Amino acid sequence: MNPIDPRLQEALDGERDPSELPADLREVYARLMSATEALATTPKLSVSHRVMEEIRRIPAPTPVPVQADGPMRRALRWFGRPRAVTVHLRPVWTVVLAAGLTTLLVLPWQSDSTPTPRASEGVANFVGHFPGARSVEVVGSFNNWSRGLLHLNDDDHDGVWHGAAILPAGAHEYMFVVDGERWVADPLAGRYVDDGFGAGQQNALMIVRPAADQP
Amino acid sequence: MRRHIWPPLGKRWNNRDEACPPGVPVMVNEDADVVARVLAGDGEAFGILIRRYEPGLLRFATRMLGNPDAAADAVAESLVRAYRHLAQCRDPSRLRSWLYRITGNRCRSHLARRHTSDIPLSEAPAPALAEASDTWEVLERSEQIALVERALAALPAEKREAFVLKHVEGMSYEEMAAVTGARIPTLKMRVHRAREALLEALEEVVR
């Protein structure tokens, strides 16, 4: 299919005066317009009676009731409507503004999202060496021995799992749960107490010092 | 600055009852008034709109479907549908675009039911029968019409629709966009490709 000269397309689109076209394009223009005129004949048909009979049998259309907008809806529409905002700035201020924004983006944010313990609380640090473990979590008297609440992490995959929690000051019994099934008393705890089930098993014991006493 | 010419170049505006495209000044555009009458309960007033737009819609549907009977069915269904949903016509002053959009959708449904977007040549409209008294020019004209109709029928539906809206219904690209929902550059491309196909068909006859 050969492309039509763009000037001819413009003339056919009504965007260019066809009399400005070169003679050969004018001839093609005339041929195409003659062809399209041939299509513009209106068929000798009418569906008027058929449609009017049909619509007399169906319920009349009724206007959709327009509900008055409340102040809230009007306010929302006002906020949601796009508006042009024009700010006139000297070029020097534009540079200063750009530099300021860049600085804000480049500077690291010092966000201290770590919660601080109250005077009656302290930070408990848990560390365990479990090479090859897929997960390690801590259960104890402070979380009612419930799983899924305190997970340890091994971000560098060296087998050393660690984590911290803010606990009330005092003694807490605890155990590590390795891979969701193996309960292990912390080998580094240093203090242990009998678990009370009579099988000679022991829980690790941790003494949390109040934050006020910590240096 | 682009000029929008109405009626389009080379096209006579015979039926002054047909509405012109939006943005073009006209003396009277009472579509909105008629719509208001119908919605107020005067169902018979819908006949005014039918008489006003029926010729163009039938012409459009005939060129789209290649069959006058199918076109009549599509237009009748479209007008009844328009009546049922008249209250949902958001801008009654642009009723013409709305009616063409409904009719275009009905035509596409008809074409989809045929399981093909192209009209088989066997279904393309037959040329008007020549009579013994016809002159050579009349016979040549009949042949040209048949040729153009067949070339049009061979186009994919979306290009055929764009071409018919532009050249048969004389719409601006803005109004075509309102009718079809397609973007103006897309519509221009479709019209341009349709013209190329049509010109190729015409040139084959000259050879």
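The values are calculated or read from the model by the stated rules, or taken from the named source; none is laboratory data. Since the model is a prediction, treat every value here as computed from it, not as a measurement. So basically every Cβ, Gly included, is an ideal-geometry build from the backbone, and we count neighbours across all protein chains shown.
Per this entry, residue B:148 is not counted among residues that are surrounded by 20 or more Cβ atoms within 10 Å (Cβ to Cβ), over 15 Å from residue B:63 (Cα atoms) and in contact (Cβ under 8 Å) with a residue 40 or more places away in the chain.
When the stretch B:62-77 is limited to residues that are under 20 Å from residue B:178 (Cα atoms) and more than 9 Å from chain A (Cβ to nearest Cβ), the one that is surrounded by the most Cβ atoms within 10 Å (Cβ to Cβ) turns out to be B:74. Hey, can you tell me all the residues within the stretch A:1-21 that are more than 7 Å from chain B (Cβ to nearest Cβ) and assigned to a helix (DSSP H, G or I)? Answer for the stretch A:1-21, where residues must be more than 7 Å from chain B (Cβ to nearest Cβ) and assigned to a helix (DSSP H, G or I): A:6, A:7, A:8, A:10, A:11, A:19, A:20. Listed by first and then second residue, the pairs linking a residue in the stretch B:39-51 that is facing chain A (nearest Cβ under 8 Å) to a residue that is acidic (Asp, Glu), with Cβ atoms under 9 Å apart and 6 or more places separating them unless they lie on different chains, are B:51/B:17. Residue pairs whose Cβ atoms lie under 7 Å apart, sitting 6 or more positions apart in sequence or on different chains, and linking a residue in the stretch A:22-48 that is more than 8 Å from chain B (Cβ to nearest Cβ) to a partner that is surrounded by 16 or more Cβ atoms within 10 Å (Cβ to Cβ), are A:25/A:7; A:25/A:8; A:26/A:18; A:29/A:8; A:29/A:11; A:29/A:12; A:29/A:18; A:29/A:21. For residue A:77, the requirement of being among the charged types (D, E, K, R), modelled with pLDDT under 85 and surrounded by 10 or more Cβ atoms within 10 Å (Cβ to Cβ) is met. Checking every residue in the stretch A:50-67 against the condition of being touching a Leu at 6+ places or on another chain (Cβ under 7 Å), facing chain B (nearest Cβ under 7 Å) and at pLDDT 90 or above gives at least one match.
Flag set for residue B:86, criterion: facing chain A (nearest Cβ under 7 Å) and in contact (Cβ under 8 Å) with a residue 40 or more places away in the chain. Across the stretch B:151-183, the qualifying residues are those that are in contact with a Ser or Thr (Cβ under 8 Å, 6 or more places away or on another chain) and in contact (Cβ under 8 Å) with a residue 60 or more places away in the chain, and the one among them that is farthest from residue B:97 (Cα to Cα) is B:157. Counting only residues that are among the small types (Gly, Ala, Ser), in a helix (DSSP H, G or I) and modelled with pLDDT under 90, the stretch A:31-49 holds 3 of them.
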